[in-house]
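Laboratory data are not the source of any read-out in this text; all were calculated from the coordinates shown. Everything quoted here is computed from the prediction, not taken from an experiment. Neighbour counts are summed over all protein chains in view; Cβ atoms, including those assigned to glycine, are modelled from backbone coordinates with ideal geometry.
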Amino acid sequence: MDLATQVLTYIKDHPQQTTVIRRGYQNTISFRLKDTLIFPGLHEWFPENRLNAFKLADSFISHHRRLVRWLGEVIDPDDPPEPTELWLTFSHVTDANFLYVEVSFE
């Protein structure tokens with residue numbers, strides 16, 4: 001399982017360990033996770049106090065339909081968006097001791 005899948009699955013399966021950050025955008029949702037979590041390649045993928053934005057492979061949407069649908073429902077429960085592309089942004093906000101995850105539906 002790749003890191004993006006691990007992180008997003010963790011967020012879905014452990015809502016009590018995450019904080020949803022709503023910024024009012026129709027295609028984006030952000031999450032805050034404790035920085036004590038351990039993911040493979042954590043320091044590489046979650047740079048300290050910088051953003052790491054990247055597009056997921058086109059196959060991610062078709063291979064992880066339930067996960068993508070859930071994310072859409074978090075963004076807008078009444079009218080979940082359906083992406084043609086998915087972008088992730090990761091960061092480690094060291095002063096606040098949290099990992100930042102943003103999902104953008106394009």
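With a simple spin-label model that places each label point 7 Å from the Cα along the Cα-to-Cβ direction, the separation between GLN6 and THR89 comes to 2.4 nm. Length available on full extension from TRP70 to LYS55: 0.36 nm per residue minus the Cα-Cα distance, which gives 3.5 nm. Between ALA96 and LEU37, the contour length at 0.36 nm per residue exceeds the Cα-Cα span by 19.8 nm.
Rounded to the nearest whole Hz, the Karplus-based 3J(HN,Hα) values (6.51 cos²θ - 1.76 cosθ + 1.60, θ = phi - 60°) of segment 68-80 follow the sequence 5, 4, 4, 4, x, 5, 5, 5, 8, x, 7, 8, x, with x at glycine and proline.
Each peptide in 81-92, 17-28 gets a packing score, the mean of other Cβ atoms within 10 Å over its residues, and the list from highest to lowest is 81-92, 17-28.
Take the Cα of GLU82, step 7 Å toward its Cβ, do the same at GLU48, and the gap between the two points is 4.4 nm. Per the Debye formula on identical point scatterers at the alpha carbon atoms of segment 3-105, with no solvent, log10 I(q)/I(0) at q = 0.12 Å⁻¹ is -0.36.
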